[in-house]
Every structure is written in C-alpha cells, then in structure tokens.
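Undergrad: Below are the structure tokens for one structure; questions will follow.
The values are calculated or read from the model by the stated rules, or taken from the named source; none is laboratory data. The structure presented is a predicted model; accordingly, all values stated were derived computationally and were not measured. All Cβ positions, even for glycine, are placed from backbone atoms using ideal geometry, and neighbour counts span all protein chains on display.
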Amino acid sequence: MRIIAHYFSRQFVTIFVMLMLVLTGLAWMVQIMSMMKFLLNYGIEFGTFLGLTVLMVPFIVSIIMPFVTFIAVIFVYNKMIADNEITVMAASTLSPGQLARPALRFACVVAAIHFVLNIWIVPATQAHFYDTQWNLRYGLAHMKLQESAFTEMAPGLVVYVDRVAGHDLSQVMLSDMRDSTSEMTIFAEKGKLVTTGRGLSIVMSNGSLQMFGNIVTVGTFDTFDMDLNVADRAGGSGFRVRSIPTWQLITTVTGNDTAKQHKSVLSELATRLLGPVMNIILAAIAALIMLRTSLLRRRASFAPAAAVATMAAAMAGFMSASNMVTSLTGLGVLAVTQMIILGAILSALFKK
C-alpha cells in the first residue's frame with residue numbers, strides 16, 4: 001500500500017505543480033497588462049514594475065489553489081480509470097476509501113500551505129503592494145518632471161523647471177488652478193521635492209506668489225511649502241482589508257466604524273480561516289465521484305462532468321456564505337457546516 005500511496009502522491013504533486021505554474025503565470029500576465037499604466041504614466045523602471053506585480057502572486061495562488069487541487073485529483077483518477085489501473089487495484093481488494101487516502105493526504109498538505117498563505121504571506125505582500133503602489137503614484141511623481149518643459153502633475157496643476165538635479169530644482173514656475181476660488185501662480189529660484197504623509201510636496205525658496213480669487217494677493221517669500229498631490233495615505237487608498245494582519249482582524253472585528261467594514265472584515269476572516277478547508281472538501285468530492293462511479297458495471301462517462309458541477313456548486317456556496325457572514329456566530333456556523341459536509345462526503349467515501 002505504501003508503494004501505491006507513493007505512486008498516487010507523485011502523480012498528484014506533478015499535476016498540481018504544473019497546473020499551478022501555468023494558471024499562476026496566466027493570471028500574472030493579466031495582472032501585468034492591467035497595471036501597465038504604472039509603467040507608462042509614472043516612468044518607473046521595468047524591474048520595479050515587475051517587482052510590484054510579483055507582489056500579487058501569493059494572492060493569486062491563494063485564490064486558485066482549491067481549484068488546482070480539485071483538477072489535479074480528478075485528472076489523476078480519471079487517467080487511472082481510463083488506463084484500468086483503478087479497476088486492477090479495486091480487484092486486489094483495495095476499497096474506494098483506501099484509494100482516496102493519498103488524495104486526502106495530499107489535500108491536507110495543500111490546505112496547510114494554503115492556511116500559511118492566507119494567515120501570514122498574503123496580508124504581508126498585499127500591504128507591501130499597496131504601499132509600493134501608493135509610493136509610485138504619489139511619492140515618485142517627481143520623475144515626470146522634465147527640464148525646460150511644462151509638466152501637468154495633476155488636472156489644473158502645471159509645473160515648469162529649468163533644471164532638475166535629483167530632488168533639487170532650479171527656476172521653478174508653478175500654476176495651480178485646481179481650486180477656482182484661489183488660483184495661484186508661483187515663481188521661485190530654487191525648489192526641493194520631498195515626500196510627506198500626504199504625497200509629494202515641493203519646498204520653494206526665494207520667490208514670488210500671485211493668488212487670484214475674491215481678493216488678488218501678490219507677495220514674495222523666502223520659503224514656501226506646497227503639496228503637489230493631495231492624497232492621504234490612509235484615506236486615499238480606501239479600506240484595504242486584504243492587507244490587514246490576521247491577528248489585527250481578529251482583535252478588532254467588533255471595533256470597525258461602519259457596518260460595511262465590519263462585514264468586510266468578517267468575510268475576509270471567513271476566506272482566510274475556512275478557505276483552506278475547501279481544498280480537502282473538493283478533493284474528497286472528486287475522489288468520491290470518480291472512485292464510486294468507477295466500480296459501476298458500465299463505466300460512467302459523466303463522472304468528470306458531475307464532479308465539476310458539484311465542485312462549482314460547493315465553491316459558489318462557500319463564497320456566497322462567506323460574503324453573507326455578519327457575526328462571529330455566523331463564522332462559527334459556516335465552519336461547522338463545512339465540517340458536516342466534509343464528514344458526510346468522507347462517510348460516503350469510506351462506506352463499504
């Protein structure tokens with residue numbers, strides 16, 4: 001039995017790794033295409049751009065992992081059934097439950113990896129992704145400044161610089177018409193770009209200011225500090241529940257300001273804590289349908305289609321239920337429901 005289990009495990013791992021690489025690569029390419037604006041609009045280096053997209057890979061893997069587990073199990077069993085290997089093993093007194101054990105052990109290992117991804121790796125990489133994205137959008141906007149050219153930093157905000165040396169600027173002209181009640185034009189001999197909590201600011205020295213509104217103001221200054229991007233790091237990025245550490249979600253689940261955020265936190269907790277269990281459930285579904293139908297006198301050609309339909313129903317049910325969780329009690333009910341469903345599938349699988 002140990003040789004058979006090793007044979008099954010090798011097949012599962014091979015198919016799983018191949019499928020994971022292919023599907024993750026395809027999803028990553030789609031992510032690259034959707035984020036091309038950072039490469040085109042913000043003038044960042046290609047290596048930095050790829051590093052940003054790589055930060056999405058753990059999240060992509062966590063989403064597709066249950067589906068890849070299911071496909072790997074159903075592919076291996078379907079191939080063995082077609083090659084009559086399952087028939088021979090069943091004839092040698094091996095029950096469907098015994099034949100399913102390698103798939104269940106494999107699914108448990110994948111679920112453990114999935115759990116580690118959901119609890120630690122995905123939140124950390126998502127937090128880094130959003131921070132990097134924010135810095136590229138607001139903190140590195142100075143890379144758009146061109147010498148001896150007018151640059152529109154934002155709608156209504158135009159900057160002209162004679163020379164650019166790193167963060168230091170010379171002969172600066174700034175026209176800010178973002179607020180129609182207080183339009184201003186600034187001239188300065190020197191300027192320096194600095195990154196603040198609100199984005200990119202420019203500190204100008206030795207210049208003059210003209211402000212047009214209800215009252216026309218004209219004056220000179222020694223130093224003048226102005227925000228170029230009014231974007232609050234906390235508020236501008238929105239509520240990024242995926243980037244919040246799991247322990248923080250658990251300890252603050254009752255302390256959110258809005259009902260919408262409270263529901264988002266509970267839904268995210270359901271996905272992180274209970275999502276890995278779907279690897280085992282889907283593997284058990286595939287093993288149950290494929291192995292039980294393989295023992296029929298007439299081989300059931302509909303078995304793979306039935307397994308796929310059942311998988312789709314199970315995943316749709318889990319995703320719908322996780323999105324409808326509104327309390328910790330509901331989260332516990334969903335966990336108990338998962339255990340009941342898994343127990344029923346295993347009972348049918350190991351029934352003699």
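Undergrad: Can you tell me which residue is nearest to SER170 (Cα to Cα) among those in segment 226-249 that are at pLDDT 85 or above and surrounded by 13 or more Cβ atoms within 10 Å (Cβ to Cβ)? Outline the logic, then answer.
TA: Here is the first cut: in segment 226-249, the ones at pLDDT 85 or above are 241-249.
Those left that are additionally surrounded by 13 or more Cβ atoms within 10 Å (Cβ to Cβ): 241-246, 249.
Values: VAL241: 42, ARG242: 42, SER243: 40, ILE244: 42, PRO245: 44, THR246: 47, LEU249: 48 Å.
It comes out as SER243.
Undergrad: Give MET35, MET89 a once-over and let me know the one that is more than 16 Å from ALA111 (Cα to Cα), in contact with a helix residue (DSSP H, G or I) (Cβ under 7 Å, 6 or more places away or on another chain) and in contact (Cβ under 8 Å) with a residue 60 or more places away in the chain. Reasoning before the result, please.
TA: Working: MET35 fails: in contact (Cβ under 8 Å) with a residue 60 or more places away in the chain.
Answer to the check: MET89.
Undergrad: Quick check on my filter: what residues within segment 159-207 are in contact with a helix residue (DSSP H, G or I) (Cβ under 7 Å, 6 or more places away or on another chain) and exposed (fewer than 13 other Cβ atoms within 10 Å of the Cβ)?
TA: Here is the first cut: in segment 159-207, the ones in contact with a helix residue (DSSP H, G or I) (Cβ under 7 Å, 6 or more places away or on another chain) are 167, 193, 195, 197, 199-200.
GLY197, the sole residue that qualifies.
Undergrad: Hey, another quick one. Looking at THR254 and the list (1) modelled with pLDDT of 75 or more; (2) part of a loop (DSSP other than H, G, I, E, B), which single condition is not satisfied?
TA: The failed condition is (1).
Undergrad: So which of MET33, MET80, MET65, MET89 ends up being out of contact with any Gly (no Cβ under 7 Å at 6 or more places or on another chain), more than 22 Å from VAL13 (Cβ to Cβ) and in the same structural domain as ALA314 (by TED's automatic domain parsing)?
TA: Details: MET80 fails: more than 22 Å from VAL13 (Cβ to Cβ); MET65 fails: more than 22 Å from VAL13 (Cβ to Cβ); MET89 fails: more than 22 Å from VAL13 (Cβ to Cβ).
Only one candidate passes the filter, namely MET33.
Undergrad: If I filter segment 144-158 down to residues being surrounded by 11 or more Cβ atoms within 10 Å (Cβ to Cβ), touching a Lys or Arg at 6+ places or on another chain (Cβ under 9 Å) and touching a residue at least 12 places away in the same chain (Cβ under 8 Å), which single residue comes out as nearest to SER180 (Cα to Cα)?
TA: Restricting to residues being surrounded by 11 or more Cβ atoms within 10 Å (Cβ to Cβ), touching a Lys or Arg at 6+ places or on another chain (Cβ under 9 Å) and touching a residue at least 12 places away in the same chain (Cβ under 8 Å), the top hit is GLY156.
Undergrad: Right, another one. Could you tell me which residue of segment 63-80 is modelled with the highest pLDDT, considering only residues that are surrounded by fewer than 21 Cβ atoms within 10 Å (Cβ to Cβ) and over 15 Å from MET18 (Cα atoms)?
TA: My answer is ILE63.
Undergrad: Let me ask you something else. Restricting attention to segment 148-186, which residues are under 38 Å from the mean Cα position of the chain (by Cα), of a type in the set (D, E, K, R) and in a strand (DSSP E or B)?
TA: Within segment 148-186, GLU152, ASP168, ASP176 meet the criteria.
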